[in-house]
Amino acid sequence: MKYFMPVKVYDEDDAVKNHASEIASYGRKALIVTGRSSAEKCGALADVTDALQQNDTEWCVFSQVEENPSVETVMKARDFGLAEGADFVIGIGGGSPMDAAKAIALMMHHRDCGADRLYDASLSSEALPVIAVPTTCGTGSEVTGVSVLTRHEKQTKGSIPQRIFPEIALVDGKYLKAAPMSVITATALDALAHMMESALMKAGTDYSRMAVEQGLRVWARSLPVLEGKRDAAPVDFANLMRASTFAGIAIAQTGTSIPHALSYPVTYDMGLAHGRAAGYFLPGFLAEAPEKDREHLLSLAGFESLASFTEFVHRILADVHIPMNTLERGFHMVGSNAARMNGCIFDLDEAGLKRIIWGAAR
Ligand SMILES: [Fe+2]
């Protein structure tokens, strides 16, 4: 049984400020990787640049990471970072900037390699140091080695084979305050999917379940906020962010399962937010799981039954309608992937996969 989680996590108020000199110690010049505006709006970018400035460390900013970053964006940022002479990478944002930061750090190390090497398993995982600052509560990318990129040539998303774990994760719930509620619920659904999928995979161990079980309890503390029953307090932002980190620790051990695999073509075709796309298939996935496991996971997450959970998901996804051809593409992609189909702790055949996909359709 293996447990590997090499990221130093600081989960606290003012995490960036409190660890400014450690952040700056990774190099002479940081390439800061962000999306277009959220890192600035939530204050994380200013916190990071203040930390670097105080320690006389230079930086440059690449702020063009789109949602579901492409291989092309990674290569553009790599060229920018190399031209600037950056020697470490700080990813600030949701999964997209953090995942991109890892792939950029990899390709900055392999400075002479072209984009074709990104999905080449023979390329070593050596990379420049990466520091991660999450600003949403879903991806868990701050504690995983995974970098998921959009592959236009395959019309889907996929993880690169290399594993690039950040050196430090600076987890501070206050960065969630600036996020719209729709982003908070979508990303919280992503974290929930990570935990439930991880728990229902053969790859799960007592170590990964340790992260799942406590993550679900922490997530459940702020469920009333996601249900719209009360406004979010600072402790809720901290809970949701922490649950997302626990979920990341779990999937760093096990990977993700069927709902995530089905979400990739959906996001590619429709641009549907990742957490919403994965969450769409979660009730159907749970319905296929053994009752004892399902009830245990749902009760830890604060739900009385599969019906109340399904209602919760349907409320969040009320406006989501996935076209039939996209669902069919997902069915063929996942159904023909033996590792995916055989990775669950329960038997899943084509009929079960159809129930997950079309049982969820409303
Ligand atoms: Fe996810």
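Please return the ranges of helices (runs of 4 or more DSSP H) entirely within segment 270-316 where 1 or more residues are of a type in the set (S, T, N, Q) and outside the structural domain of T139 (by TED's automatic domain parsing). Helices (runs of 4 or more DSSP H) meeting the threshold: 291-300, 306-316. What about I251, is it in a loop (DSSP other than H, G, I, E, B) and β-branched (V, I, T)? No: the conditions fail for I251.
Of all the residues in segment 120-149, those that are within 14 Å of the ligand (Cβ to nearest atom) and β-branched (V, I, T) number 6. Quick one: is L189 farther than 19 Å from R276 by Cα, in contact (Cβ under 8 Å) with a residue 12 or more places away in the chain and either buried (at least 23 other Cβ atoms within 10 Å of the Cβ) or touching a Lys or Arg at 6+ places or on another chain (Cβ under 6 Å) (or both)? So L189 does not fit the description; no. Please enumerate the residues belonging to segment 21-61 that are free of Cβ contacts under 8 Å to residues at least 40 places away in the same chain and part of a strand (DSSP E or B). Answer for segment 21-61, where residues must be free of Cβ contacts under 8 Å to residues at least 40 places away in the same chain and part of a strand (DSSP E or B): E58, W59, C60, V61. Residues that are of a type in the set (A, V, I, L, M) and away from the ligand (no atom under 16 Å from the Cβ) were ranked within segment 204-221; the one that is most open to solvent (accessible area, probe 1.4 Å) is M210. For segment 249-275, taking the residues that are under 21 Å from G204 (Cβ atoms) and either among the acidic types (D, E) or away from the ligand (no atom under 13 Å from the Cβ) (or both), the one that is surrounded by the most Cβ atoms within 10 Å (Cβ to Cβ) is identified as I249. Would you check which residues across segment 102-119 are away from the ligand (no atom under 16 Å from the Cβ) and open to solvent by less than 10 Å² (accessible area, probe 1.4 Å) and list them? A103, I104, A105, L106, M107, M108, L118, listed by residue number. Only one residue in P234, P224, P290 is over 14 Å from the mean Cα position of the chain (by Cα), farther than 23 Å from S182 by Cβ and either within 12 Å of the ligand (Cβ to nearest atom) or surrounded by fewer than 19 Cβ atoms within 10 Å (Cβ to Cβ) (or both), so which one is that? After ruling out the rest, the residue left standing is P290. The listed residues are A351, A301, and the only one of them that is open to solvent by less than 10 Å² (accessible area, probe 1.4 Å), farther than 23 Å from T156 by Cα and at pLDDT 95 or above turns out to be A301. If you check every pair at least six apart or on different chains, which have Cβ atoms under 6 Å apart with a residue in segment 67-85 that is over 20 Å from S38 (Cβ atoms) first and a residue that is at pLDDT below 95 and buried (at least 20 other Cβ atoms within 10 Å of the Cβ) second? Once the first residue is over 20 Å from S38 (Cβ atoms) and sits in segment 67-85, its partners that are at pLDDT below 95 and buried (at least 20 other Cβ atoms within 10 Å of the Cβ) give V71/L118; V71/L149.
The values are calculated or read from the model by the stated rules, or taken from the named source; none is laboratory data. Note that the structure is predicted; figures quoted are calculated from it, not measured. Counting neighbours? That spans all protein chains shown, and the Cβs are built from the backbone with ideal geometry, glycine included. These area figures cover heavy atoms from the full protein model, side chains too; ligands, DNA and RNA do not enter into them. Shrake-Rupley method; radii C 1.70, N 1.55, O 1.52, S 1.80 Å.
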